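The values are calculated or read from the model by the stated rules, or taken from the named source; none is laboratory data. As the structure is a prediction and not an experimental result, all values here were calculated from the model. So basically every Cβ, Gly included, is an ideal-geometry build from the backbone, and we count neighbours across all protein chains shown. With ligands, DNA and RNA removed, areas are computed over all heavy atoms of the protein, side chains included. Shrake-Rupley method; radii C 1.70, N 1.55, O 1.52, S 1.80 Å.
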Amino acid sequence: RRDLFKGLAMERLETEWTKYPVLHFDMSLGKHMEKEQLERYLLSQLEQIEEDYGIHSDSPDSNIRLTKLIRHVYEQTDRQVVVLIDEYDAPLLDVVHEEKNLPVLRNIMRNFYSPLKACYPYLRFVFLTGITKFSQLSIFSELNNLKNISMHDDFSALCGITEQELLTDLKPDIERMAKANNGTYEEACAHLKRQYDGYHFSKNCADIYNPFSLFNAFDAKEYKNFWFSTGTPTFLIDILQRTDFDVQSLDGLTATDEQFDAPTDHIVDPIPVLYQSGYLTIKGYDPAFRLYRLAYSNGEVRYGFTESLLPALNKHIIW
């Protein structure tokens, strides 16, 4: 879709514009499912793509179906395949503390993802998004060809808006925001920074603005709290409740690299999950002690915690 990049830097940077077949899997709807439901959900995801390529398969095993799909698409198009997976860990988040269901559902997801290594010669690019790091749920213990870029400096500004981008590319939006709120350009910049800025995803990351909230603010022309309107994650409430975590200590915690990468069958430390789900961000790094300093990102996050997550957590506590 070269036309989508007309006038942008990518139009000049990309020289070949080679088309590759893309297999897109969305796991976000695979929540709150039992074993049979999850298996049917994965098969339905495969069936939609199989139909697009004229493939008929009646195998009940999703990993076999995925393997055949990748190879068939590779042979049909004579191009390596791109695989995109949204929220790869969604089917497991709400059962992270269930002794019975977690191992069963984890094995289903592990089997489904296993072709990503076996089909390596047929794959051009694989990209997964999710809340938990791979090691936290042991889904990819046998897949050593994946690289975790979650806290890598080179990719730290990939999923947000930097201040430079805001003040240059989005300057007209700031001016409209200022006018709608009877303020100056400088006042609008200060409001936006206080409300939506402050995310850091690596040791040396520039300030990142939340794009979802920023664009909603521009659309509404109001400095409202948008990120938490989608609801409170129940899995996070469950983790905080089970670990007896002191939520009053959130603003100023420290964490080590080992806390983010410790392999475990169950999530027992809420701090990495609070960071990965956006409630905390990196505010500093001490190389001598290899310690991350974590705190609320901005005013929107602080408000969301006190007005959304904290009341929801209190409802689950028996006094």
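Among the residues of the range 194-215, the one identified as assigned to a strand (DSSP E or B) and more than 18 Å from Leu170 (Cα to Cα) is Tyr199.
For the range 260-277, a tally of residues being open to solvent by 10 Å² or more (accessible area, probe 1.4 Å) and either touching a Pro at 6+ places or on another chain (Cβ under 6 Å) or under 22 Å from Gly198 (Cα atoms) (or both) returns 4. Taking every residue in the range 153-180 that is over 15 Å from Ala220 (Cβ atoms) and surrounded by 15 or more Cβ atoms within 10 Å (Cβ to Cβ) and pairing it with any residue that is at pLDDT below 95 and of a type in the set (Asp, Glu), at least 6 positions away or on another chain, the pairs with Cβ-Cβ distances below 6 Å are Glu163/Asp207. Of the helices (runs of 4 or more DSSP H) lying entirely inside the range 41-123, those containing at least 2 residues that are more than 22 Å from Ile239 (Cβ to Cβ) and without any contact (Cβ under 8 Å) to a residue 60 or more places away in the chain are 62-77, 101-113, 115-118.
Listed here are the residues, each with its yes/no results for (1) hydroxyl-bearing (Ser, Thr, Tyr); (2) surrounded by 15 or more Cβ atoms within 10 Å (Cβ to Cβ); (3) in contact with a Lys or Arg (Cβ under 9 Å, 6 or more places away or on another chain).
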| residue | (1), (2), (3) |
| --- | --- |
| Ser59 | yes, no, yes |
| Leu69 | no, yes, no |
| His72 | no, yes, no |
| Ile85 | no, yes, no |
| Leu93 | no, yes, yes |
| Glu98 | no, no, no |
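Residues of the range 2-40 that are buried (at least 17 other Cβ atoms within 10 Å of the Cβ) and assigned to a loop (DSSP other than H, G, I, E, B): Pro21, Met27, Gly30, Lys31, Met33.
Quick check on Phe218: is it outside any loop (DSSP other than H, G, I, E, B), open to solvent by less than 60 Å² (accessible area, probe 1.4 Å) and of a type in the set (Phe, Trp, Tyr)? For Phe218, the condition - outside any loop (DSSP other than H, G, I, E, B), open to solvent by less than 60 Å² (accessible area, probe 1.4 Å) and of a type in the set (Phe, Trp, Tyr) - is met. Count of the range 89-102 residues, restricted to those that are out of contact with any Ser or Thr (no Cβ under 7 Å at 6 or more places or on another chain) and either on the phi > 0 side of the Ramachandran plot or modelled with pLDDT of 90 or more (or both), is 1.
Only residues that are under 16 Å from Arg293 (Cα atoms) and surrounded by 19 or more Cβ atoms within 10 Å (Cβ to Cβ) were counted in the range 221-252, giving 1. I'd like to know if the range 253-266 contains one or more residues that are β-branched (Val, Ile, Thr), modelled with pLDDT under 75, closer than 27 Å to Arg106 by Cβ and not in a helix (DSSP H, G or I). Yes, there is a match, as at least one residue in the range 253-266 is β-branched (Val, Ile, Thr), modelled with pLDDT under 75, closer than 27 Å to Arg106 by Cβ and not in a helix (DSSP H, G or I).
Of everything in the range 111-127 that is open to solvent by 60 Å² or more (accessible area, probe 1.4 Å) and farther than 15 Å from Lys147 by Cα, the residue that is farthest from the chain's Cα centre (by Cα) is Pro121. On the stretch given as the range 55-84, residues that are within 22 Å of Lys31 (Cα to Cα) and touching a helix residue (DSSP H, G or I) at 6+ places or on another chain (Cβ under 8 Å) total 7.
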